[in-house]
Amino acid sequence: MKKLWIDEDSPGIPGSNADGGEFGTAIATGDFNGDGSFDIGVGAPFESFSGIEGAGQLFAVLTDSLGNAGGAGGLEFDQDTPGMPDVAGTHDHFGAVVAAGDITGDGKAEFVASTLQDGGRGIVFVLPGSATGPTATGAVSFAGGIGDVFGASLALVNTDGNTMKELVIGIPGRTVSGFTGAGAVLVLPGTTTGPSSAGTIWTQDTTGVVDQAEAGDGFGSAVRGISNNAARVQRLTIGVTDESVAGCTHCGAVAALNGSATGLTATGNQFLTGANIAGGGFSDGNFAGSFG
């Protein structure tokens with residue numbers, strides 16, 4: 001395994017190191033240009049530019065055939081990049097969360113990033129992959145509501161076994177059944193032109209899902225796909241970081257939904273807490289606040 005050290009002053013990386021930019025707050029890997037080498041997507045959500053404090057930026061570090069990060073160049077994006085469906089604002093923190101994966105099935109990974117504080121709401125941006133890496137041309141966005149923390153977690157998951165991954169967006173602040181902050185997850189199917197706008201919302205009150213929505217649970221605080229079987233179908237794991245169970249306050253839990261030939265299903269879903277793990281749960285432990 002090659003050891004890498006990357007910053008904004010590294011060869012091939014656009015820009016230069018800046019105080020407080022927090023380059024590397026979020027990272028993801030994917031083959032953005034389809035050359036067979038995994039590239040690196042980096043978020044710098046506190047980067048300031050053009051006098052806009054904390055607007056945030058994205059960097060795509062393209063890896064060459066020898067595994068040299070930046071060996072095939074690098075790309076820089078912000079909300080003012082031509083083609084982006086938004087404009088940069090103070091403390092938007094664009095790039096606070098990033099993900100990468102092939103949504104269109106063309107062998108080139110899309111670069112996905114969220115801004116959690118754009119006018120008090122989260123926005124998720126999808127930059128298509130291309131032969132030259134991620135591009136703002138054809139970029140699309142999806143916006144949440146005020147205070148629902150839309151885009152707090154992101155994942156590209158193959159829940160149905162085809163060649164196009166689903167975009168999973170965590171919304172841990174969403175009000176569900178009148179419970180503030182119960183949380184939700186939005187799943188947008190992949191298509192040959194990008195993520196479909198006709199998605200499905202999953203909550204703890206979705207029919208068949210174990211447990212129920214409660215105030216402050218934070219369902220969707222973390223999301224990740226894990227291999228389910230040899231047919232390329234993945235299971236979606238969802239962090240419920242502030243779930244309280246059996247007298248354990250804010251102990252945290254994990255909900256696991258199975259994939260199938262038709263996508264996610266509540267059939268056979270599981271609900272795991274710290275009490276299910278050796279050592280038990282701990283008060284205020286926030287189990288499942290993030291997935292590695």
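The values are calculated or read from the model by the stated rules, or taken from the named source; none is laboratory data. In this text the structure is predicted, and so the values were computed from the model without any measurement. Backbone-built Cβ (ideal geometry, glycine too); neighbour counts: all protein chains shown.
Just a few scattered comments:
- Scan of region 248-270 for residues that are at pLDDT 90 or above and not in a loop (DSSP other than H, G, I, E, B), ordered by number: Val254, Ala255, Ala256, Leu257, Asn258, Thr265, Ala266, Thr267, Gly268, Asn269, Gln270
- Residue check, Gln117 of a type outside the set (Phe, Trp, Tyr), in the same structural domain as Val140 (by TED's automatic domain parsing), free of Cβ contacts under 8 Å to residues at least 60 places away in the same chain and not in a loop (DSSP other than H, G, I, E, B): yes
- Figure legend. Inter-residue proximity from region 206-227: first residues within 14 Å of Phe179 (Cβ to Cβ), second residues surrounded by fewer than 17 Cβ atoms within 10 Å (Cβ to Cβ) and acidic (Asp, Glu), beta-carbon distance below 8 Å, spacing 6+ or different chains. Indicated pairs: Gln212/Asp205; Ala213/Asp205.
- Per-region count, region 96-137, residues hydrophobic (A, V, I, L, M, F, W, C), surrounded by fewer than 24 Cβ atoms within 10 Å (Cβ to Cβ) and over 22 Å from Ala55 (Cα atoms): 1
- Those residues of region 188-201 which are out of contact with any Leu (no Cβ under 6 Å at 6 or more places or on another chain), in a strand (DSSP E or B) and surrounded by fewer than 24 Cβ atoms within 10 Å (Cβ to Cβ), in sequence order: Thr191, Gly194, Thr200
- When residues of region 142-170 are limited to those that are at positive phi and over 15 Å from the mean Cα position of the chain (by Cα), the one modelled with the highest pLDDT: Gly147
- Checked against the criterion of being within 19 Å of Gly101 (Cα to Cα) and surrounded by 22 or more Cβ atoms within 10 Å (Cβ to Cβ), the candidates Gly41, Gly24, Gly56, Gly36 yield just one match: Gly41.
- Here region 128-173 is the region considered, the condition is being among the hydroxyl-bearing types (Ser, Thr, Tyr) and in a loop (DSSP other than H, G, I, E, B), and the residue that is nearest to Ser227 (Cα to Cα) is Thr159.
- In this entry, Ala136 passes the filter for residues that are touching a Leu at 6+ places or on another chain (Cβ under 8 Å) and outside the structural domain of Ala256 (by TED's automatic domain parsing).
- Selection within region 174-187 - outside any strand (DSSP E or B) and either surrounded by fewer than 24 Cβ atoms within 10 Å (Cβ to Cβ) or touching a Leu at 6+ places or on another chain (Cβ under 7 Å) (or both): Thr175, Ser177, Gly178, Thr180, Gly181
- Among the residues of region 138-173, those that are surrounded by fewer than 18 Cβ atoms within 10 Å (Cβ to Cβ) and without any contact (Cβ under 8 Å) to a residue 40 or more places away in the chain comprise Ala143, Gly145, Ile146, Gly147.
- Condition met for Val176 (within 13 Å of the chain's Cα centre (by Cα), among the β-branched types (Val, Ile, Thr) and in the same structural domain as Arg232 (by TED's automatic domain parsing)): no
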